[in-house]
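Note sheet for the following structure.
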Amino acid sequence: DAGVIQSPRHEVTEMGQEVTLRCKPISGHDYLFWYRQTMMRGLELLIYFNNNVPIDDSGMPEDRFSAKMPNASFSTLKIQPSEPRDSAVYFCASSFDRRGKLFFGSGTQLSVL
Amino acid sequence: SQQGEEDPQALSIQEGENATMNCSYKTSINNLQWYRQNSGRGLVHLILIRSNEREKHSGRLRVTLDTSKKSSSLLITASRAADTASYFCATDGEKLTFGTGTRLTIIP
């Protein structure tokens with residue numbers, strides 16, 4: 001298995017632009033998680049899905065953030081409009097169960113200028 | 001908010017020495033996990049210890065868990081340059097949350 005695949009690897013955009021991050025989880029994993037990592041706040045859970053259904057989005061910082069999982073093999077995290085404070089590394093992870101071992105993607109380094 | 005707090009924040013040791021990192025958490029858990037993150041990469045799972053376990057080994061890694069003190073430690077024996085990374089504990093309270101991490105540097 002190729003592992004969790006995220007794209008793009010790096011994204012540089014200007015304030016106000018829409019940003020879409022993509023994730024392909026490991027086949028067979030029922031759970032998908034989106035995390036954000038910054039120096040100031042560490043790793044924060046933004047949202048997680050079980051069987052493509054959003055379960056807990058309490059970590060999504062604002063209405064500017066939205067996430068979807070249209071099928072078991074694809075998820076997106078969208079920021080619209082983007083702001084400089086959204087600059088961070090965004091990780092997608094998947095697992096067999098909510099409290100078990102997570103498999104992380106390589107992350108998307110987002111820079112909003 | 002973060003459930004776990006690692007200590008120390010940064011640690012530098014000579015290659016071949018043992019490295020010990022600690023994690024303290026606040027609420028009851030079912031299990032605790034340790035992850036490694038190399039610079040610019042995603043986190044990699046190292047080991048999971050359940051709340052009814054006190055100690056677990058995996059290769060050069062030894063993890064202990066003291067639920068009465070709400071703390072865990074990760075020991076890496078005979079450290080190697082390749083162990084240079086950040087190490088995070090993760091606890092499964094309401095959801096899996098990560099600590100602040102220990103940045104470990106192995107000096108060749």
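The values are calculated or read from the model by the stated rules, or taken from the named source; none is laboratory data. None of the values given here were measured: they were computed from a predicted structure. Glycine gets a Cβ as well: all are built from the backbone with ideal geometry, and neighbour counts include every protein chain shown. Ligands, DNA and RNA are stripped out before the accessible areas are found, and what is left, the full protein with its side chains, is counted by its heavy atoms. Shrake-Rupley method; radii C 1.70, N 1.55, O 1.52, S 1.80 Å.
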Report task. Out of the residues in the range B:31-53 that are more than 9 Å from chain A (Cβ to nearest Cβ) and not polar (S, T, N, Q), state the one that is surrounded by the fewest Cβ atoms within 10 Å (Cβ to Cβ). Result -> B:50
Query raised in the report: Can you name the condition, by its number, that residue B:91 falls short on among (1) away from chain A (no Cβ under 14 Å); (2) buried (at least 16 other Cβ atoms within 10 Å of the Cβ); (3) polar (S, T, N, Q)?
Result: (1)
Requested in this report: Taking the residues in the range B:33-57 that are over 13 Å from the mean Cα position of the chain (by Cα) and under 22 Å from residue B:15 (Cα atoms) as candidates, determine which candidate is modelled with the highest pLDDT.
Outcome: B:38
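Return a yes/no flag: does the range A:65-85 have any residue that is in a strand (DSSP E or B) and within 13 Å of chain B (Cβ to nearest Cβ).
Our first condition is that a residue be in a strand (DSSP E or B); within the range A:65-85, this holds for A:65-71, A:74-79.
Next cut, within 13 Å of chain B (Cβ to nearest Cβ) only: none.
No, there is no match, as no residue in the range A:65-85 is in a strand (DSSP E or B) and within 13 Å of chain B (Cβ to nearest Cβ).
If I ask for residues that are open to solvent by less than 60 Å² (accessible area, probe 1.4 Å) and modelled with pLDDT under 95, which ones from the range A:49-59 would you list?
Within the range A:49-59, the first condition is being open to solvent by less than 60 Å² (accessible area, probe 1.4 Å), and the residues that meet it are A:49-50, A:52, A:56, A:59.
Across the range A:49-59, the qualifying residues are A:56, A:59.
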**Report entry** Which listed residue is among the hydroxyl-bearing types (Ser, Thr, Tyr) and more than 14 Å from the chain's Cα centre (by Cα), from A:13, A:76, A:38, A:20
**Finding:** A:13
Report summary line: Residues in the range A:33-44 that are within 11 Å of chain B (Cβ to nearest Cβ) and open to solvent by less than 20 Å² (accessible area, probe 1.4 Å) total 4
